[in-house]
């Protein structure tokens, strides 16, 4: 039997498997715990939390599209204090590894959130979500603005100190993703989460108006997977030392392997869990089998494998 | 283990039968021992479209009835309206085909501990889970009266055998093609006054549930309603099926109709704020 080293790292955080939930697609883990053991996957990436409790956007919040869906949730959540009091202790009790995702309305709010997290034990890394598309003011999508992105990450880095890895979650809805990625890494991000959802819209033909309560929504699911693979490939080519958490429509082991070969050190599963509560476990097992079948002995050998130089031609 | 989604299990289940009933399809699905865990009000989430489908989200359906001791083991019944792509696919599944199903999900109708008088109100195929509920209430010694309404006769779902568990059944259609002409909510006020109704159970369109709430508000009548919001997952992780619901002290929260519902206390639902920004 082949022994595979399936572990991965994001900055100085170590995970026994490269499969994660995607923020906003697993709430805080409790809902999925009925279907599998949370400690059996890489880590739970929690739903992006803000300072205050937030009710989010009006319904309808969802529209299924071909091989995808639009969501318009608008960061509904309990606020950081309730989250730290209820959700983190639960996840720690389950022995799950935890990446906490944070979102702010201002640059200062991100730093304040980081301060709240600084002394919390049981957290492996922080995801800084600067790319949620479902906010009323598109100016709030920091990840569309290189300067704002840098300032958010810089503030979080200064607050958190050097220990906890910071992963910046970026939007693909930009002209030069590599420039934004470089900016946040220069400002202190240890890794990148690629990609957030793609901004979209559906018109309801009964009402002849935008279907979603928030009008626009974020497109996720297999429909956006090639966009994600492209984004990961481009950024890994430019910054091969920066770990990437890849996501966007992964629904099978082969999809996960594509992202890893493109340069991802780990893969988050989001929308696939909506259609299948055990998707993460299935994908994790399929990915392991595929990597073994291809003759690799560690996950690390596969990361960025699609970037290798051309093989020497046989004479 | 968490208490959310307690008992929910993902299984591959076989379709025992699929019959057309008026505008609807009656599907009987073998779910084995899980049938014993299903309560009136619970729902299921089913994968649709087969392996290479471009429909990536599960579809939620209310369980209309369960049988725990049939020859094929435990079964559940769904009444499905073939409206959208997903439900049309489900209605095209023949006997013997298999379904990826998560069951049981959601909250159940609360059953009174005393034999009280209950009024059951159903709109369209929303009546389906009320027949299973009527059987449970009947076994508890409750008097069960039922009102069913729809726009037209072909949208009324009222199976012959279902009527055995109810003391009376009145049907209302808006076009007058079956039963009495008018809306199903019209007689409720008088019924509350004339009879000693302790609880109303309702299932149907949101406008109907909201209208019933307007009648029961300020009375002693408890209103347990099964709400309907579009869901992507059915298990509490997508946050799309939310409704504004108040707690005891009046604070309003956006609750998920999949795990905090579908059965909710109608008096706590903020009907006028559905679809609004809080």
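Structure summary
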quantity	calculated
Residue within region B:199-208 that is part of a helix (DSSP H, G or I), free of Cβ contacts under 8 Å to residues at least 12 places away in the same chain and under 21 Å from the mean Cα position of the chain (by Cα) present	yes
Looking only at region B:236-268, and only at residues there that are in contact with a helix residue (DSSP H, G or I) (Cβ under 7 Å, 6 or more places away or on another chain) and more than 9 Å from chain A (Cβ to nearest Cβ), the one that is nearest to residue A:270 (Cα to Cα)	B:266
Residue within region A:103-123 that is surrounded by fewer than 17 Cβ atoms within 10 Å (Cβ to Cβ) and closer than 28 Å to residue A:284 by Cα present	yes
Looking only at region A:303-315, and only at residues there that are surrounded by fewer than 20 Cβ atoms within 10 Å (Cβ to Cβ) and in contact with a helix residue (DSSP H, G or I) (Cβ under 8 Å, 6 or more places away or on another chain), the one that is farthest from the other protein chains (Cβ to nearest Cβ)	A:307
Restricting region B:97-133 to residues that are in a loop (DSSP other than H, G, I, E, B) and within 20 Å of residue B:209 (Cα to Cα), the residue that is farthest from the other protein chains (Cβ to nearest Cβ)	B:111
Among the candidates A:300, A:254, residue that is within 14 Å of chain B (Cβ to nearest Cβ), more than 17 Å from residue A:22 (Cβ to Cβ) and modelled with pLDDT of 95 or more	A:254
Members of region A:29-60 that are within 14 Å of another protein chain (Cβ to nearest Cβ), assigned to a strand (DSSP E or B) and either crowded, with 23+ Cβ neighbours inside 10 Å or in contact (Cβ under 8 Å) with a residue 40 or more places away in the chain (or both)	A:44, A:45, A:49
Test for residue A:84: is it at pLDDT 95 or above, outside any loop (DSSP other than H, G, I, E, B), closer than 27 Å to residue A:106 by Cα and within 13 Å of chain B (Cβ to nearest Cβ)	no
Spans of strands (runs of 3 or more DSSP E) in region B:51-96 with at least 2 residues within 14 Å of chain A (Cβ to nearest Cβ) and within 22 Å of residue B:157 (Cβ to Cβ)	B:59-62
Of the criteria (1) surrounded by fewer than 18 Cβ atoms within 10 Å (Cβ to Cβ); (2) facing chain B (nearest Cβ under 9 Å); (3) assigned to a loop (DSSP other than H, G, I, E, B), which one residue A:90 fails	(3)
Some residue of region B:15-33 being outside the structural domain of residue B:168 (by TED's automatic domain parsing), touching a helix residue (DSSP H, G or I) at 6+ places or on another chain (Cβ under 7 Å), in a loop (DSSP other than H, G, I, E, B) and over 20 Å from residue B:205 (Cβ atoms)	no
Criterion violated by residue A:286 - all others in (1) closer than 25 Å to residue A:67 by Cα; (2) touching a helix residue (DSSP H, G or I) at 6+ places or on another chain (Cβ under 8 Å); (3) buried (at least 21 other Cβ atoms within 10 Å of the Cβ) satisfied	(3)
Subset tally (residues that are part of a loop (DSSP other than H, G, I, E, B) and over 18 Å from residue A:20 (Cβ atoms)) for region A:93-106	3
Test: residue in region A:21-28 that is within 25 Å of residue B:55 (Cα to Cα), within 14 Å of chain B (Cβ to nearest Cβ) and in a strand (DSSP E or B)	yes
Elements of type strands (runs of 3 or more DSSP E) in region A:189-247, at least 3 residues being without any contact (Cβ under 8 Å) to a residue 12 or more places away in the chain	none
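The values are calculated or read from the model by the stated rules, or taken from the named source; none is laboratory data. The model shown is predicted, which means the values in this text are computed figures rather than measured ones. Glycine also receives a Cβ, built like all others from the backbone with ideal geometry; neighbour counts cover every protein chain displayed.
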